[in-house]
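One structure below.
The values are calculated or read from the model by the stated rules, or taken from the named source; none is laboratory data. This one's a predicted model, so the numbers in the text were calculated from it and none came from an experiment. Neighbour counts run over all protein chains shown; Cβ positions are idealised from the backbone, glycine included.
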Amino acid sequence: MLKQNSVFIIAVLLFLGCSGDDSSSSPGISGCTDPAATNYNLDATADDGSCTYENQDITGCPDPEASNYNPNATIDDGSCAYVHFQMTLDNTGESHLVVFQTSITMLDIGDEVGIFDASGRTNYQDCSNQSGEILVGTGIWTGEQLNLACEGSLDMCPFGGIQLPGYIDGHTITIRVWDESAGIEIPVIAQFSTGAGLFGEWFSVISDLFPR
């Protein structure tokens, strides 16, 4: 009789262990748990931050011309930031690296650097061979070494193709600085520790800048 009782008890325990409801292991359902939201999920058990609301105001920069433009912003929070040197050249596959070293003393964090060819190629997708001053590289100084890849022109007209704008090999590298705190553009003289300051060299390294 004792043996039969033992078998019965073991069977009951096994049944309870298999059929018990272990709710702690059940996965939750992520979604919006706020009934006031337009995407409220009645079945959601964990709020995932996706709730949206009618006429919800979003703060940010609503100006498309700003570098931090937020197309969803409905309230201007005054955070709009604008880049002074705005380069619009296409990638031509021709580039020249200009390195600005940390030894440069006249740059403050937030200042912008613009690299120009005073007589670069300016025409686009034709063979008119026009020239003029053109911005070929730009960047913002952070206090760390700044590596800028300048965009070179492309001339495929001798082969029945087109020309694209950019610097021309052998032309002088011209630098201008946008002083962020003063709000002025400053022409500068570059001190090159590598290269002669011409586009088309292997690369150029600038160790210091001086107001022109």
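Exactly one residue out of I168, I184, I189 is at pLDDT 95 or above, out of contact with any Cys (no Cβ under 9 Å at 6 or more places or on another chain) and surrounded by 13 or more Cβ atoms within 10 Å (Cβ to Cβ): that is I168. G110 falls short on exactly one of the conditions (1) assigned by TED's automatic domain parsing to the domain that holds L146; (2) in a loop (DSSP other than H, G, I, E, B); (3) in contact (Cβ under 8 Å) with a residue 60 or more places away in the chain; (4) surrounded by 15 or more Cβ atoms within 10 Å (Cβ to Cβ), and that condition is (4).
Okay, residues lined up against (1) within 20 Å of E180 (Cβ to Cβ); (2) touching a strand residue (DSSP E or B) at 6+ places or on another chain (Cβ under 7 Å); (3) in the same structural domain as S193 (by TED's automatic domain parsing); (4) not charged (D, E, K, R):
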position	(1), (2), (3), (4)
L89	no, yes, no, yes
F100	yes, yes, yes, yes
I115	yes, yes, yes, yes
G120	no, yes, yes, yes
C127	no, yes, yes, yes
G139	yes, yes, yes, yes
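Meeting the requirement of 1 or more residues that are touching a residue at least 24 places away in the same chain (Cβ under 8 Å) and closer than 16 Å to T88 by Cβ, the strands (runs of 3 or more DSSP E) wholly within segment 117-212 are 131-140, 146-151.
The residue that is nearest to the chain's Cα centre (by Cα), counting only those in segment 90-101 that are assigned to a loop (DSSP other than H, G, I, E, B) and surrounded by 12 or more Cβ atoms within 10 Å (Cβ to Cβ), is D90. Annotation note: Cβ proximity below 9 Å between a residue of segment 90-103 that is free of Cβ contacts under 8 Å to residues at least 60 places away in the same chain and a residue that is outside any strand (DSSP E or B) and among the acidic types (D, E) (sequence gap 6+ or interchain) occurs for T102/E144.
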